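Structure record follows, encoded as structure tokens.
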Amino acid sequence: RKVTVKAKGLTLGMYNGVAELGMRSYSPGSYQTDYIGYKTAVDKYIFRSDIISEISPTLKTISGLENVDCGKLIRLTGIELIKTDEIDNPTWAEAPVGWDNTPRTGYRMFTDTDGNEICIVTSGYAEFAGEEVTQGKINVTGILSYGKTGTGREMFLLKMRELKDVEID
């Protein structure tokens with residue numbers, strides 16, 4: 001969808017190699033930007049048009065990823081979940097846990113046939129967070145960024161938009 005963003009009054013920042021525009025963050029040591037968390041504020045800054053068109057992802061390989069690809073919709077083919085001993089049938093993100101029952105972000109590691117790795121990151125709030133990760137070789141589409149995994153390892157990260165972004169290879 002074509003959108004217009006009124007930037008006056010917002011803050012420009014970078015997170016995981018992707019430019020962000022949002023409210024100014026006042027938390028010390030925090031991100032440069034914060035969510036535009038209220039509908040009235042969203043309506044003040046973001047205007048949606050009726051023009052809608054399909055966006056085609058760029059086909060890439062894990063070894064061919066570059067920092068200039070961050071923020072773009074990309075497609076990887078023939079990747080497979082790296083199994084761990086901890087979880088037999090992992091979900092895309094963690095079920096609500098802890099005293100506050102808050103969903104936890106999922107960091108799932110995938111590899112291609114050459115052993116190159118990428119992490120697929122899923123918010124615990126995603127509609128598909130509790131769905132089991134697709135087993136076997138898959139093709140996946142998502143927005144690329146670069147940052148830290150749940151273990152602190154720095155690498156390329158892929159964030160899917162919806163479960164339909166995954167297809168069995």
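Assorted remarks:
- Just one of the numbered conditions (1) surrounded by 15 or more Cβ atoms within 10 Å (Cβ to Cβ); (2) farther than 20 Å from ILE55 by Cα is not true of ASP114: (1).
- Given (1) more than 28 Å from MET109 (Cα to Cα); (2) among the hydroxyl-bearing types (Ser, Thr, Tyr); (3) open to solvent by less than 60 Å² (accessible area, probe 1.4 Å), number of the condition TYR38 does not satisfy: (3)
- The single condition from (1) modelled with pLDDT of 75 or more; (2) open to solvent by 80 Å² or more (accessible area, probe 1.4 Å) that LEU21 fails is (2).
Residue by residue, here is whether (1) in contact (Cβ under 8 Å) with a residue 24 or more places away in the chain; (2) open to solvent by 70 Å² or more (accessible area, probe 1.4 Å); (3) among the polar types (S, T, N, Q) holds:
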| site | (1), (2), (3) |
| --- | --- |
| MET109 | yes, no, no |
| GLY130 | yes, no, no |
| GLN135 | yes, yes, yes |
| ILE138 | yes, no, no |
| THR141 | yes, no, yes |
| LEU144 | yes, no, no |
| THR151 | yes, yes, yes |
| LYS159 | yes, yes, no |
| GLU162 | yes, yes, no |
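- All conditions but one from (1) under 30 Å from ILE118 (Cα atoms); (2) out of contact with any strand residue (DSSP E or B) (no Cβ under 9 Å at 6 or more places or on another chain); (3) at pLDDT below 90; (4) outside any loop (DSSP other than H, G, I, E, B) apply to VAL42; the one that does not is (1).
- Any hit, the stretch 59-67, residues being at pLDDT below 85 and under 24 Å from MET109 (Cα atoms): no
- For the stretch 116-134, filtering for residues that are assigned to a loop (DSSP other than H, G, I, E, B) and either aliphatic (A, V, I, L, M) or under 11 Å from ILE79 (Cβ atoms) (or both) leaves 5.
- Of the criteria (1) closer than 22 Å to GLY142 by Cβ; (2) at pLDDT 75 or above; (3) β-branched (Val, Ile, Thr); (4) touching a strand residue (DSSP E or B) at 6+ places or on another chain (Cβ under 7 Å), which one THR11 fails: (1)
- For the stretch 70-91, the condition of being among the polar types (S, T, N, Q) and under 18 Å from VAL18 (Cβ atoms) holds for none of the residues.
The values are calculated or read from the model by the stated rules, or taken from the named source; none is laboratory data. Everything quoted here is computed from the prediction, not taken from an experiment. Here Cβ is always computed from backbone atoms with ideal geometry, including for glycine, and neighbour counts include all displayed protein chains. All accessible areas refer to the heavy atoms of the entire protein, side chains included, with ligands and DNA or RNA removed. Shrake-Rupley method; radii C 1.70, N 1.55, O 1.52, S 1.80 Å.
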